[in-house]
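The values are calculated or read from the model by the stated rules, or taken from the named source; none is laboratory data. In this text the structure is predicted, and so the values were computed from the model without any measurement. Positions of Cβ are generated from backbone atoms using ideal geometry, with glycine treated the same way; all protein chains shown enter the neighbour counts.
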């Protein structure tokens, strides 16, 4: 029983470490002169729009596509980090 409690404590400790790491991890996605930067917690950190893209009537569509791409990349990064932690814990079926 104490082994399970110890494992859960270790998991919680690693999860907190990963959360800090994700907060400080920046992921960029670029699309037609628009660059969106998100952190590993999927919060938008920065948006850069090139001068020529500002004039585009497709700007809303480009922004949406770029933001979705950035969020998807951040989800992949977070999943990869969590997979490593779950593997370290040796839970059956993971």
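Among the residues of the range 61-73, are any surrounded by 14 or more Cβ atoms within 10 Å (Cβ to Cβ), at pLDDT 95 or above and not in a helix (DSSP H, G or I)?
Checking the range 61-73: not a single residue is surrounded by 14 or more Cβ atoms within 10 Å (Cβ to Cβ), at pLDDT 95 or above and not in a helix (DSSP H, G or I).
Just the residues that are assigned to a loop (DSSP other than H, G, I, E, B), surrounded by 13 or more Cβ atoms within 10 Å (Cβ to Cβ) and under 14 Å from the mean Cα position of the chain (by Cα), please, taken from the range 1-35.
Across the range 1-35, the qualifying residue is only 25.
Only one residue in 38, 45 is modelled with pLDDT of 95 or more, in contact with a strand residue (DSSP E or B) (Cβ under 8 Å, 6 or more places away or on another chain), surrounded by fewer than 18 Cβ atoms within 10 Å (Cβ to Cβ) and under 24 Å from residue 15 (Cα atoms), so which one is that?
45
State yes or no: is residue 50 free of Cβ contacts under 8 Å to residues at least 60 places away in the same chain and surrounded by 15 or more Cβ atoms within 10 Å (Cβ to Cβ)?
no
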